[in-house]
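Right, one structure below, let's go through it.
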Amino acid sequence: MGEAFVQFLQAWSPLDIVLIAENFDRFLLGAWVTLKLTFISLVIGGTLSIPLAIIRAGSNPFLNAPVWAFTYLFRGTPLLVQTYLIYYGLGQFEWIRETALWGPVLSQAWYCALIAFSLNTAAYTAELLRGSIVTTSNGEIEAAKACGLSRAKRMRRIILPSAFRRALPAYSNEVIFMLHGSVVASTITIQDLLGVGRWLNGRYYLAYEGFITAAVLYLLIVLLISRGFRFWESKWLRHLYPQEAVKSKSGKGLASFRI
Amino acid sequence: MNLIIEYQGQLLSGTWVTVQLAILSLVIAVIFGLLGAWAKLSKNLLAKKAAAGYTTVVRGVPDLVLILLVFYGGQQFVNQLGTLTGLWDYVEISQFVAGVGTIGVVFGGYMTETFRGAILAIPRGQIEAGIACGMNRLTIFRRIIWPQMVRYALPGFSNNWLVQIKATALVSVVGLQDVVYNGFVAGRSTRQLFTFMFAVLMIYLLLTAISDFGLRQLDRKYSKGITRSDDG
């Protein structure tokens, strides 16, 4: 029965499903690399973005200008070029090649991708958080002031917790964009999900199988992430729902990426 | 800096390819976006389902995966179809066509959502008023929906366009001689990759800054006479 099924697939399926099944463990490994890369970048970038967002929301021009320049540069240019700049570009400088960081970190594709992705997502997340910090309702801040909370305490106890929640829908988009962006890793020799697809196609001279398998797995991951965020939003944004429902009519405020 | 000047021809021709790629794919994206929004809002269940499937796949799969699939797979598919039907001989899909087509169709998915939201934002009563005045559907679209849709869609459209310009960089992976590819080749042959990649970065920054400025002007034009309650 099993053999007959395999023969049927080999004869009739437009894709070489048997070959995909044989190499499926590689695809799972690639998916794991993609997820790891995305997740670590999001953690590092997210952590970096919090102080950057606070600076951008504040009014100190000496701090604001360099952070603005950083976010403008990273948001205005392609991730591919940023990654190339770090991976291929840094080796141009003699003094970088002589530092202790060169061998174990800066000459490794994995770390270069991680650095580029982290900085990229930090820039996007910082601007997104800034928007959400700035739009904190004035009444909440006034109430905190009336209670005698210091600036730092206001930020920590009142503004940030509410800003994080309100940033959640937009952040879910950023997470998916980062996952999509992580395919850039395959262009600098990393065997991520797309890297495995390219490897399979290159090895067996195929045109569809590797890419289609990778595409399906990416789609699956995206669906799971957006489901996860929807659940999270229903949990953390419940107190905002009546307003959000009104807002969503004008297409503002809610995540544009819903599938 | 001297090297950049020496290689400015390559960088400029690459930039021109990137600009063409971005603009042509934008045209396709707008067409697909309008069709998609129309399908999503229509009463036809099949059109609705098809549009939902389209936006899900196109926004769920990374653009580079689709570019590679279209460039390598599309070629084979078109030729197999040609052999099967006997209608055409060997066809070659160039990197440029694959890039324009894929990026256009992918961002058509994002445009669909933007346009759909913009059409939904138009108060229903205005469309009913148009019907009551005896306008036909085309007139309603032209006189009532379109002018307001543009205004509502502009923020989302701007955002999509800025993402799209940056997405064009990915076509260099299949060997299209755009600004990234040319910059990379020049950088490798002179062993000055940082310099050249930084120059490419600046070119993209310039392109996005110009677009940003232009779209702001457009936004101001279409928002004339409208009071903004906040800075959005």
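Every number in this text was worked out from the coordinates using simple rules, so none of it is lab data. Since we're looking at a predicted model, the values are computed, not measured. As a convention, Cβ positions derive from the backbone with ideal geometry for all residues, glycine included, and neighbour counts pool all protein chains shown.
GNM remark for chain B: springs join alpha carbons under 10 Å apart, and the peak mean-square fluctuation among B:I131, B:I203, B:I31 falls on B:I131. For chain A, the relative contact order comes to 25 percent (Cα pairs under 8 Å, sequence separation of at least 6). When each of A:D25, B:D178 is scored by the number of other beta-carbon atoms lying within 10 Å, the sequence from fewest to most is A:D25, B:D178. Adding -39500 (n - 2.57) for every DSSP H run of four residues or longer, then dividing by how many residues chain B holds, sets the calculated 222 nm ellipticity at -25000 deg cm²/dmol. Phi angles of region B:81-88 translate, via the Karplus equation with coefficients 6.51, -1.76, 1.60 and θ = phi - 60°, into HN-Hα couplings of 5, x, 5, 5, 8, x, 7, 9 Hz per residue; Gly and Pro are given as x.
Among A:Y171, B:Y152, a tally of other beta-carbon atoms within 10 Å of each Cβ gives an order, fewest to most, of B:Y152, A:Y171. Normalising the average separation of contacting C-alpha pairs (under 8 angstrom, six or more residues apart) by the number of residues puts the relative contact order of chain B at 29 percent.
Counting every other Cβ atom within 10 Å of each residue's Cβ, B:T102, A:T99 order from fewest to most as A:T99, B:T102.
Taking packing as the residue-averaged number of other Cβ atoms within 10 angstrom, the listed peptides B:47-53, A:35-41 run from highest to lowest as A:35-41, B:47-53. How would you classify region A:34-249 from its alpha-carbon gyration tensor, with a ≥ b ≥ c the square roots of the eigenvalues: rounded for a/c under 1.5, else prolate if a/b is greater than b/c, otherwise oblate? Oblate. Counts of other chain beta carbons within 10 angstrom of each beta carbon in peptide B:191-203 average 5.
Relative contact order (percent) for region A:1-147, with alpha-carbon contacts under 8 angstrom and 6 or more residues of separation? It rounds to 33 percent for region A:1-147.
Farthest toward the positive end of the dipole of region A:34-249, out of A:G131, A:Y87, A:L48, is the Cα of A:G131, where the dipole comes from beta carbon charges about the Cα centre. Ranked by the mean number of other Cβ atoms within 10 Å per residue, highest first, peptides A:100-106, A:198-204, A:15-21, A:130-136 order as A:130-136, A:198-204, A:15-21, A:100-106.
Rounded, prolate or oblate for region B:9-95? Axes are the square roots of the Cα gyration tensor eigenvalues, ordered a ≥ b ≥ c, and the cut-off for rounded is a/c under 1.5. In terms of gyration-tensor shape, oblate.
So which residue, out of B:L138, B:L87, B:L206, gets the largest mean-square fluctuation from a GNM of chain B using Cα contacts under 10 Å as springs? Maximum among the listed residues: B:L87. Treating each Cα of region B:2-222 as an identical point scatterer and summing with the Debye formula, the log10 of I(q)/I(0) at q = 0.16, 0.18 Å⁻¹ comes to -1.11, -1.25. Beyond 43 Å, what percent of the Cα pairs of the protein assembly as shown remain? Counting every Cα pair in the protein assembly as shown, those more than 43 Å apart make up 20 percent.
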